[in-house]
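Worksheet: one structure, shown below.
No value in this document is a laboratory result; all are computed from the given coordinates. The structure presented is a predicted model; accordingly, all values stated were derived computationally and were not measured. Virtual Cβ from ideal backbone geometry, glycine too; neighbours counted across all protein chains shown.
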Amino acid sequence: MSAPLFTIILPTSIDRGLLLPYSIGSVQKQSIQDFELFVIGDGVNEFTREVILELQAQDSRIRFFDFPKHPRRGEENRHQVMQEANGKYIAYLADRDYWLPHHLETLALYLQNHDFASTLNYDVKEDYLIYGHKNLDSYDAASWLLSCVGHSLEMYKKLPYGWRTTPKHLYTDRYMWSQFIDFPECRSYCGLEPTVLWIKRGDHPGLSTQERKEVLIKWIKIMEDRALFQLKKDHALHEMMWDYNFLHRNHPILIKGRTPDKVPAEIWKKIKNLLSPR
């Protein structure tokens, strides 16, 4: 049997069994079906375990790795599971998020010429979508969401550590992605194609698992109405363009494409132009 194109890593924990049929369902609807899916349990409860085992029985591409609760996010368990990956590429999915059908297809295009890449997400609100934040200037790892990221297995094996326990004052994903971004041989790419519905947890304690399930069901129904979903996507683009136009109409002293040493002179030039007679 030939190796799959993708190995998908889906970490989950405790009571997320209500969400998994939807997040895993989004994997099963991908335009690229050449994958294996590794569900990594981090102290799941019995209900969640039963849900995973039932999904596994229905799809031979799913494998379940059942670990006890880790002090942090089970990072070493992810590294251990990664040793069994067969895919050329690795993709990640949070158990509360939802991939649009072209997610893996988009990642595969990015990873043809890069070792580490990210798509963009839609930030899901109650009745509308907005584009997710991406720091394009510094490849800020904090803006590279787990469900958007992919990388080659070959590059992962070259990293100094791989997944490892995250210090308490740092974010798990940021700590991992920084290894790719800082690695001299790694070619990183920050893509802008939206392929993920990101269900934000919210402020502590955040949405309950049942509430997240209701959000997922609502947006799956919206996506099934292609005309309605297109309007939601257009609205997100309208909002972004409105912000862009507002910024450029109301900030005449914007400096772009200038090195820091040239900024003062450029500011003075713009001020003189603003004050000069028309």
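Observations, loosely collected:
- Normalised contact order of the range 6-224, rounded percent, pairs of Cα under 8 Å and 6 or more residues apart: 25
- Normalised alpha carbon radius of gyration of the range 27-70 [divisor 2.2 N^0.38 Å]: 1.24
- Per residue, the convex hull spanned by the alpha carbons of the range 6-224 comes to 122 Å³.
- Residue order, fewest to most surrounding Cβ atoms within 10 angstrom, among F180, F67, F47: F47, F67, F180
- Neighbour-count order for I217, I181, fewest beta carbons within 10 angstrom listed first: I217, I181
- Note on R96, R226, R61: ascending count of other Cβ atoms within 10 Å places them as R226, R61, R96, the fewest first.
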